[in-house]
Amino acid sequence: MSKVAKDKPTLAQQMQQLDDTLAWFEQPNIDIDEAYKKYEQGIALAESIQEQLTAMQNKVTILRQKFDQDA
Amino acid sequence: MADPVFRVSELLAVLNQTLEYAYPSVTVEGEIASYKISKGKYVFFDIKDEQGVVPCFMMVYSLRQPLEDGMMVRLTGQPRVTAWGKFSITVRQVAPIGEGSLKRSFDVLHAALLKEGLFNAERKRTLPVMPKAIGLITSAESAGYADFIKILNHRFGGVDVQVANVHVQGAHAAPQIINALQYFNQQDSPPDIIVIIRGGGSAEDLAVFNDEPLVRAVAASRAPTVVGVGHETDTSLCDLAADVRAATPSNAAQIVVPDRHAFIAHTAQSQKSLYNYITAHIADVNKIASQARVRMATDLQAAIAAYGNRLMSARRLLAQCDPKAALQRGYALVQTVSGKSVTTAADTKPGDMLTITLARAILNVEVRYVKSSKR
């Protein structure tokens, strides 16, 4: 929350982009060339998302401090 | 040697010194009687069993759970003799014991906090779907912790988990958990979710999570809280004060992060949908193109046929106009020697030489007479 927003979209944003691409195909009268571009972008995005999801790891740190002052 | 002679206050001082030396702290179990709070600050009660009674005293801020006459409690404190010669225990901590007493204490506090609105649904915040930072408060040696981490790691990644290692039962637990909550909430960047977990245990073990200052600290947390204590059926006041209650530590891990496998399946499904969309569109375009081709072919054929017909008609017409055809039919072409056609009587006179072209011969003839015929 305090980190400066990076240019690379977050995983949540990428997944939203993929949903938006799918929604684009629902509109009537789409141009076939545009459709093919969107298709390729969508497939690549989906693959990238899957790779990220598979590779993601958590970082677990046990804090050194003691919490035993009287509260 | 003669017995020492004390003044009264000296006797009391000596007795108290002896007590302090021999029993600096005692832990006693018994039943509460004559419980009262004076001036909102001073708590007085007796602790007793079938054969004895000891008066107790404490300050109200040391009370962490409500007490009532008839409750069984375990207390720790310092025995002393007061200036009025009364034996008393100055209580440092006291907690109900036994399921009956624990339940009564729970009920009293529950009713009070419910009335205050601490458990209201409107206070509950929604958790972020993909947290980046989690503050975990638990005992790092416990099975509950191990289960939580294992399920968290399996389900999702990219989370920075800070673990506050605390007691989760006994007298030190509640203050430590409160300190850990404060620690996380006071960070420059508090975690997206604070999780408090402990595994199953006895009613007394779990009573920590009915500790009033702790329950209030959970309710007051800046960061959203998830509390997962005990088993499915255990509900503590901390559970009720939290933003989300987890049935168990494992359930807490399921609540705080999504399942990456479900997301992966969803993206695979999206790829299938994209493929279906594009092939449907290609099929559409193909269909339109082939329909156009068929139309073009039909139109072209029709046009060619039409021209063909016209050509044939023109040829026939032309053929009819071909002078050779007339000759074949027996007609003759009559011309003067200069090549001019003879069609009327005026075109020639007797004695002229004419050329007659037949189908397969040419005659050179002299005119004998000319007679006009009107048709």
| request: Could you grab me the full set of residues in region B:187-218 that are polar (S, T, N, Q) and free of Cβ contacts under 8 Å to residues at least 60 places away in the same chain? | output: B:187, B:189, B:202
| Taking the condition crowded, with 18+ Cβ neighbours inside 10 Å, of a type in the set (Lys, Arg) and within 14 Å of chain A (Cβ to nearest Cβ), does residue B:155 pass? | yes
| Which of the residues belonging to region A:41-60 are more than 9 Å from chain B (Cβ to nearest Cβ) and either over 17 Å from the mean Cα position of the chain (by Cα) or not small (Gly, Ala, Ser) (or both)? | A:41, A:51
| task | Could you give me the residue pairs with C-beta distances under 9 Å whose first residue belongs to region B:49-72 and is farther than 25 Å from residue B:237 by Cβ, whose second residue is aromatic (Phe, Trp, Tyr) wherever it lies, and which are 6+ apart or on separate chains? | result | B:54/B:87; B:55/B:44; B:55/B:45; B:55/B:87; B:57/B:42; B:57/B:44; B:57/B:45
| said: I need the full set of residues from region A:53-71 which are more than 30 Å from residue B:214 (Cβ to Cβ) and either among the small types (Gly, Ala, Ser) or surrounded by fewer than 17 Cβ atoms within 10 Å (Cβ to Cβ) (or both), in order please. | reply: A:54, A:55, A:56, A:57
| remark: Just one listed residue, out of B:243, B:192, B:239, is within 20 Å of residue B:99 (Cα to Cα), acidic (Asp, Glu) and within 26 Å of the chain's Cα centre (by Cα), and it is B:239
| task | Have a look at B:85, B:117, B:98, B:135 and point out the one that is more than 21 Å from residue B:61 (Cα to Cα), at pLDDT 95 or above, surrounded by fewer than 20 Cβ atoms within 10 Å (Cβ to Cβ) and not aromatic (Phe, Trp, Tyr). | result | B:117
| query | With respect to residue B:184, is the statement that it is in contact (Cβ under 8 Å) with a residue 40 or more places away in the chain and aromatic (Phe, Trp, Tyr) true? | reply | yes
| query | Does region B:159-174 include one or more residues that are more than 7 Å from chain A (Cβ to nearest Cβ), buried (at least 19 other Cβ atoms within 10 Å of the Cβ) and in contact (Cβ under 8 Å) with a residue 60 or more places away in the chain? | reply | yes
| remark: The residue that is farthest from residue B:72 (Cα to Cα), considering only those in region B:177-218 that are within 13 Å of another protein chain (Cβ to nearest Cβ) and hydroxyl-bearing (Ser, Thr, Tyr), is B:189
| message | Taking the criterion of being over 17 Å from the mean Cα position of the chain (by Cα) and within 14 Å of chain A (Cβ to nearest Cβ), would at least one residue in region B:122-135 satisfy it? | response | yes
| message | Within region A:35-71, take every residue that is among the small types (Gly, Ala, Ser) and in a helix (DSSP H, G or I) and give me the one that is modelled with the lowest pLDDT. | response | A:35
| said: Please go through (1) at pLDDT 90 or above; (2) farther than 25 Å from residue A:42 by Cα; (3) exposed (fewer than 12 other Cβ atoms within 10 Å of the Cβ) for residue B:256 and return the number of the only condition it doesn't satisfy. | reply: (3)
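A quick yes/no check of all residues on (1) at pLDDT below 95; (2) closer than 19 Å to residue B:162 by Cα:
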position: B:196; (1), (2): no, yes
position: B:207; (1), (2): yes, no
position: B:215; (1), (2): no, no
position: B:222; (1), (2): no, yes
position: B:225; (1), (2): no, yes
position: B:232; (1), (2): yes, no
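The values are calculated or read from the model by the stated rules, or taken from the named source; none is laboratory data. These numbers come from a predicted model, not from an experiment. In this analysis, Cβ positions are derived from the backbone assuming ideal geometry, glycine residues included, and neighbour counts consider all displayed protein chains.
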